[in-house]
Structure formats: structure tokens, C-alpha cells
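A.B. asks: Pasting a structure here, questions to come.
Please treat every number below as a calculation from the coordinates, not as lab data. If you're wondering where the values come from, they're calculated on a predicted model, not measured in any experiment. Here Cβ is always computed from backbone atoms with ideal geometry, including for glycine, and neighbour counts include all displayed protein chains.
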Amino acid sequence: MFKIYLYIFSFLLFSLNSFAQSYKITIYYEERPPYFILDSSKQKIVDGIAFKKVNKILTDSKVKYEYEQIPIIRSLQNIKDNKIPCCVTYTYKNKMREEYARFTLPYLKDKRLVIITKKNNEKLKGANNLIEILSDNNITPILKVGYTYGTSVTGILQKYRGYSIFNLNDQKNKNIVMTSQIQEDILKKLLENEGDFTLMPLNEFQYYIQTNPNFSDILTYKTIPESTEEIYRHFMCSKKVKIIDISKMNEVIKKVRSLN
């Protein structure tokens, strides 16, 4: 009998050690300047205002991690499925997401969300706010699958266009062009008249007009009076990520965050 107990104890100890050694947080990302800038020759993130902080947070907190490049919609679904320890590092925090995910403290503050459109687009010129724009069904936004745009703006999109970040059927997202393409390609769609406007933080748009003359010549932005909340970036993690690791990251975030 003693040998049986010893065998069971040894097996459990081996299993626990194996789990401890294999435990590693998968950090999902996709190319998204100026937050994550990809070296196309190496297919590896090498720079970006978010990447620099994220890398330091992960390194200094001494959590075990690995990077993986996948589309944001898959990242969010994997976090929701909660099958492995994984995080996305540049998300908004909201009540819906808090039901199935763990969040760190915010580590980065963005500039305000703005409307991007062509300078010669007459449809938007008389509109004073986002509600007036979305009330006109002849005006078509281009939005990215999986993105949320803050509580107030997302609420307006849901009310006037049935916006759903996951649902792509025709009963949702009425008169919206939904795409999984990167932000740069969404701006190109505006140039090609595939839609009338898109939404992004101002610093993101400023990056693109500084790096692409076509964008600066043809595109402009409008403020969104309804967008009142500040935009903060957090790590959003599956609940398979240990609370102690979230705490470790939070301790580093307190030292490196930029919230001004």
C-alpha cells in the first residue's frame, strides 16, 4: 500500500513540475504602427510606442512569455475561450470584457479617437457630430473586425448601425464595411472610395500622414464630440493567466506607464 501512495505522490509531483515548466503566457500582437512596428524582412516586431513599454513590462516582471502574431479577432476569441494563458497588450477595458478576461493597470494613454475622411468628401462636411453622420444611411464607415471604440462611440455605432465586433451577418453592422485588414489598408480603402470614413486615435492617424504623402494630401480628420472618455491601453488576458503574474506586471507598470 505504501508503494501505491508513493507512486501516486510521485506522479502528482511530476505533473505539477511539468505544468510549472510548461506554463508560459502567449502574447498576441499584430502589426499596428505606431504601437507595434514590424521588420518585414524578419517578420518580427522591433519597435513601437506600445512595444517598448510592453517588452519592458514583460522582461522586468520576469513572467514567462512568448510572442505570437495573429489577427486581433482570433486573439480576442482565444482569450474568451480561456484554453491557454494568453494576452493582448493594447486593448480598451470595458465591462463586457471584464466578465471573461483579466486586465492589468493601464500603461499607455492614447490621443482622442477621431473620424478620418477624405478632404473632398461632401457627405460629412455639414455634420457636427457622429450621431448626425450615422443617421445618414448614405454615409458608410469602414471598421475593423474585433475593434471596440470606447464605451460612448461603440454605443452610438450599436444604436445607429447595429455594430457588433464579432458578428458579420447582414442583420448586424448595417451599412458598414467590415474588414480584417490593417489600419493602413483601411486608409487606402478610403482613398479608393470603398467607404466614407473610419475611426482611429489621432496619434495613429498622425503617424500615417507623416509616413505616406498620399494620406496627408487627401485625408483629414474630424473630432468626435460624443467621445468623452480617455483612451488607455491595457494588457487583456485570459483567466488562465495567473493572478500573481498580473500583479507582477502591475508593479512594473506603475514605474513605466505614460498616462499624461
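A.B. asks: How far apart, in nm, are two points set 7 Å out from the Cα along the Cα-to-Cβ line at Lys52 and at Asn82?
C.D. replies: Label-label distance for Lys52 and Asn82, simple model: 3.7 nm.
A.B. asks: While we're looking at this one, here's another question. Show me 177-185, 92-100 ranked by packing, highest mean number of other Cβ atoms within 10 Å first.
C.D. replies: With the highest mean Cβ count within 10 Å placed first, the list reads 177-185, 92-100.
A.B. asks: Just the number, please: percent antiparallel of the DSSP beta bridges in the chain, rounded to the nearest 5.
C.D. replies: Expressed as a percentage, antiparallel bridges in the chain total about 65.
A.B. asks: Starting from 0.36 nm per residue, how many nanometres of slack lie between Asp39 and Gln206 once their C-alpha separation is accounted for?
C.D. replies: 58.1 nm
A.B. asks: Enumerate the aspartates and glutamates that Lys64 could reach by cross-link, defined here as Cα to Cα under 14 Å, with residues fewer than 8 away along the same chain left out.
C.D. replies: Qualifying aspartates and glutamates at Cα under 14 Å: Asp245.
A.B. asks: Report the local net charge at Ser22: Lys and Arg +1, Asp and Glu -1, summed over other residues whose C-beta lies under 15 Å from its C-beta. Don't skip to the end; give the middle numbers.
C.D. replies: Details: positive: Lys24, Lys64, Lys83, Lys240, Lys242; negative: Glu66, Asp245.
My count for the surroundings of Ser22 gives +3.
A.B. asks: Same structure, new question: Could you calculate the contour length gain from Lys189 to Glu68, that is, 0.36 nm times the residue separation minus the distance between their Cα atoms, to one decimal place in nm?
C.D. replies: 40.8 nm
A.B. asks: Of Lys111/Lys254; Lys93/Lys144; Lys118/Lys188; Lys95/Lys118, which ones are farther than 22 Å apart at the Cα?
C.D. replies: In this structure, Lys95/Lys118 lie more than 22 Å apart at Cα.
A.B. asks: Provide the FRET efficiency to the nearest 0.05 for the Lys119-Tyr23 pair, computing r from the beta carbons and using R0 = 51 Å.
C.D. replies: Working: r = 52 Å, r/R0 = 1.02.
Step by step, r from the Cβ atoms, then E = 0.50.
A.B. asks: Moving on. Can you tell me the relative contact order of the stretch 42-171? Whole percent, Cα pairs under 8 Å, sequence separation 6 or more.
C.D. replies: 22 percent.
A.B. asks: For the stretch 220-260, run through the GluC sites (Glu not before Pro) and keep only the ones in DSSP coil with at most 14 other Cβ atoms within 10 Å of their Cβ.
C.D. replies: Answer by residue number: Glu226, Glu229, Glu230.
A.B. asks: Work out how much length Glu31 to Ile131 would gain on full extension: take 0.36 nm times their residue separation and subtract the Cα-Cα distance, in nm to one decimal.
C.D. replies: Length difference between fully extended and current span is 32.9 nm.
A.B. asks: With +1 on each Lys and Arg Cβ and -1 on each Asp and Glu Cβ, and nothing else charged, work out how big the dipole of the chain is about its Cα centre, in Debye to the nearest 20. It would help to have the intermediate numbers written out before the result.
C.D. replies: Numbers: 40 positive and 27 negative charges, 209 e Å.
In total the dipole reaches around 1000 debye.
A.B. asks: Still on this structure, I have one more. Give the residue from Thr198, Leu105, Ser180 lying farthest towards the positive end of the charge dipole for the chain; charges sit on Cβ (+1 for Lys and Arg, -1 for Asp and Glu) and the dipole is referred to the Cα centre.
C.D. replies: Checking the options against the dipole of the chain, the answer is Leu105.
A.B. asks: Amide H to amide H under 5 Å from Asn94: which residues, 5+ apart in sequence or cross-chain, H placed 1.01 Å off N in plane?
C.D. replies: none
A.B. asks: Moving on. Can you list the aspartates and glutamates whose alpha carbon sits under 15 Å from that of Lys255, skipping same-chain ones fewer than 8 residues off?
C.D. replies: List returned: Asp60.
A.B. asks: Where Lys and Arg each count +1 and Asp and Glu each count -1, what net charge lies around Tyr92 among other residues with Cβ under 10 Å from its Cβ?
C.D. replies: Within the 10 Å Cβ shell, the charges total +1.
A.B. asks: In the neighborhood of Arg74, defined by Cβ-to-Cβ distances under 12 Å, what is the net charge if each Lys or Arg adds +1 and each Asp or Glu adds -1?
C.D. replies: -2
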